[in-house]
Every structure is written in structure tokens, then in C-alpha cells.
Amino acid sequence: MLVAVCSLKGSPGVTTLATALAARWPAQENPILVEADPAGGDIMARFRLPESPGLVTLAAAARGRTSNDPTLLAQHAQTLPPGLRVVLGPVGAEQSRAALSVLASGGASVLRRAASQPGTTVIVDCGRVDPDSPAFPIIRDADAMLLLARPHDDELAHVALKLPAAQRWSRQPCLVLVGDGYPTVEVSQVLQIPVMGRVPRDDKGAAVLCGHGNGRHGPARSALGRAAAKLAMTAFAHWYTATNGAAPAPHLQLAVSGGPMPATALQVVGMQTRNGVRP
């Protein structure tokens, strides 16, 4: 399975959630996290890891004869405690965009071949994305696109405007909400897109995923880790059902606020967008 994690506006924590998803992915799968943010990677500095191997060496190898090897992606991964494999993006945006441009010219299939191996899931941090992003071919090739957004007026207004185009980028686009704000069901109804899950703002849990903190707030124990585990299981179940024709996956459980919803600013944004009016 190939999963692209990205945002349409701002920095709602794409790298943190992608790392949490990989750390809490279902046990029957063996995930590989790939930093493909055109703005540059963060994990190398967070965990004080060496520059190589990583996305740059992967791009170089993708040009060669070994690019058809389904184990190529894993060969360019390093290991985070307690054993999570990650292909590190370079810190600099220029290096990152150059490496992604190589992958976009045909090397993106390296990720697809790895993700097609039994028991392997590739989770890609694509950062903030648009059709001009060098990570865009990865998103187009992904089995699922998770769009992160904070459920606030300003951010959702931008998401609403870009969403019609973004929904054509992926065979399975889903929204993931980060932190407090509008109720989940309201966002889903107004923007007319499935909300796959919601993750809390958890500074202590995020600190562990940034190379800080301690085990008391690790992925398995933190609020962020628990939410990521639920989100990972939901995403995997939907993909597995669609791919294998198994029993339908459980329906998404969306928290419905009691009573009729008033006409909020969010609903106005949705109506204006659908009518072609820019908020």
C-alpha cells in the first residue's frame, strides 16, 4: 500500500503524523516512511542522523540499472528507534526538489514497486502540495491521499477552494483533521469529503516523534499515538477491502454534535465555494 500524507495550506503537522502513522501501522505490515517534502526534510536533524543513505541516494540509484529492484527503497532507509525504517529527505529545499524531480521522471515507480511487495506499506510525507509540486507524481500514484487540515475558518476556507481539484489527484482522497475546532461531521458534510479521522494536538506525544521526550509519552501511550493507530487501521482496512474484495470495512465513526447545526461560518464557506464565490 502506498499512502501519501500532505496538506493544502499551512503546516498542520504532516511530518509528525506521517511518522506516527508509520510507528503505529498494523502489525501485519512492515512500513517504510519516506520524507518527500519539497521544502526539505526534518527527521535527519530531529534525530541527528547521517545524511546518507536517504532520498538523494535513492534518486541516484533510481537512474541506474537497479531501479527495477523492489527492495531498492529499503536499501536507502535508515532506522529510527524502535526499528522504524525511514528514507530521509535532505534538509535543503534545493536538494530535496532535485531528488524528487528525478523520482518524478520515472523513479516514482520505485515507491510503487516497494509498496506492491506483500506485507509492505510505504507512507510518504509530501508536505504542502499543489500540481506544481515535484512530489505530485507520488500523490497521483498513491492508493490513498490523506489531506491534513486544522478545522478552523481560515484554513478550511483555503481547503474548500482547492478541494475540487485535489479530489481528482487521488483514487481515494480523505481528510484528516488536526486539533480542536469544528465538529468532524460538520466538516465532512460541508466540504463533502470523507473525514477518515481526527488527531489531537499532543505536544508531548509529538516531542517523542521529534527525537525528544521520554517513553511515557511514546507512540503507544500518547493521545497522538492512539489516534494514529486508529487512523492507520481505518486506512489499511479500506484499502484492503477495495483491493481484496473482503468484508466491508467498519464505517467511519464520526462524532455528531447534538441538535440541528446553526449556519456557521464554515457552512457559508462551503456554500460560497460550491457557487463559485471566493470567500
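Just so you know, in segment 24-48 the residues that are out of contact with any Gly (no Cβ under 7 Å at 6 or more places or on another chain) and outside any loop (DSSP other than H, G, I, E, B) include one that is farthest from Val110 (Cα to Cα), and it is Ala45. Just so you know, in segment 99-138 the residues that are among the β-branched types (Val, Ile, Thr) and within 10 Å of the chain's Cα centre (by Cα) include one that is farthest from Pro38 (Cα to Cα), and it is Ile123. A single member of Ala74, Ala160 is surrounded by fewer than 23 Cβ atoms within 10 Å (Cβ to Cβ), in contact (Cβ under 8 Å) with a residue 40 or more places away in the chain and in a helix (DSSP H, G or I), and it is Ala74.
Scanning segment 42-57 for residues that are touching a strand residue (DSSP E or B) at 6+ places or on another chain (Cβ under 7 Å) and at pLDDT 95 or above turns up Pro53, Gly54, Leu55. Residues in segment 52-94 that are touching a Gly at 6+ places or on another chain (Cβ under 9 Å) and of a type in the set (S, T, N, Q) were compared, and the one that is farthest from Ile123 (Cα to Cα) is Ser67.
The values are calculated or read from the model by the stated rules, or taken from the named source; none is laboratory data. All values derive from a computational prediction rather than experimental measurement. All Cβ positions, even for glycine, are placed from backbone atoms using ideal geometry, and neighbour counts span all protein chains on display.
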